[in-house]
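One structure is given below, encoded as structure tokens.
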Amino acid sequence: MRTATGKRGTRGAGEDGFTLLEMLVVIVIIGLLIGLVAPAALRELGGARMSIAKQSIERLGSVLDLYKLDIGSYPTTEQGLAALLAQPAGVDGWNGPYLKGDRMPRDPWNHPFFYQSPSTRQGLEYDLCSGGPNDVKGTPGQPGMICNH
């Protein structure tokens, strides 16, 4: 930037760039945006995991229904969800494996699902639950547990 007399303005040669004040303003703005956006993004992530857990329980429920069609009953608590991967001893009519892969399914928080048959809840044949983000243990239906309906 040259003035009418041909002299440079307030900045000399090689001094083009941002001032410390300009950099600080940009950093403060970025910090404010992160402070406002990050909590909302984390809430959405938590909601997505809850939704995935519910969908996984529904999907596993459908697989358990296929097992029941073949065998005539749901796996016992002792057989557990492992009966969907490998034929339990003494079970005829098994037409599995009913799940892909060779690993037991886990919830979105990487905890094993809780399975119990017969159900402890009225009107259900089995209990299939996720302990949720806090990995709640105990009887199905406790606060924080996500269970089949």
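Pull up region 128-143, narrow it to residues that are farther than 14 Å from His111 by Cα and in contact (Cβ under 8 Å) with a residue 12 or more places away in the chain, then point me to the one that is surrounded by the most Cβ atoms within 10 Å (Cβ to Cβ). Once the filter is applied, the top-ranked residue is Pro140. Restricting attention to region 39-98 and to residues that are within 25 Å of the chain's Cα centre (by Cα) and charged (D, E, K, R), the residue that is modelled with the lowest pLDDT turns out to be Glu44.
Within region 126-136, the residues that satisfy the criterion of being in a loop (DSSP other than H, G, I, E, B), touching a strand residue (DSSP E or B) at 6+ places or on another chain (Cβ under 8 Å) and more than 20 Å from Thr76 (Cβ to Cβ) are Gly131, Gly132.
Exactly one residue out of Ala86, Ala38 is among the small types (Gly, Ala, Ser), out of contact with any strand residue (DSSP E or B) (no Cβ under 6 Å at 6 or more places or on another chain) and surrounded by 11 or more Cβ atoms within 10 Å (Cβ to Cβ): that is Ala86.
Considering Gly72, Gly80, Gly96, the condition of being under 23 Å from Ser119 (Cα atoms), surrounded by 13 or more Cβ atoms within 10 Å (Cβ to Cβ) and without any contact (Cβ under 8 Å) to a residue 40 or more places away in the chain is satisfied by Gly80 alone. Counting only residues that are assigned to a loop (DSSP other than H, G, I, E, B) and touching a residue at least 12 places away in the same chain (Cβ under 8 Å), which one in region 107-117 is farthest from Ala48 (Cα to Cα)? Looking at residues that are assigned to a loop (DSSP other than H, G, I, E, B) and touching a residue at least 12 places away in the same chain (Cβ under 8 Å), I get Ser117.
The values are calculated or read from the model by the stated rules, or taken from the named source; none is laboratory data. It should be emphasised that the depicted structure is a prediction, and the values quoted were computed from it without experimental measurement. A quick note on method: Cβ atoms are made from the backbone with ideal geometry, for glycine too, and the neighbour counts reach across all protein chains shown.
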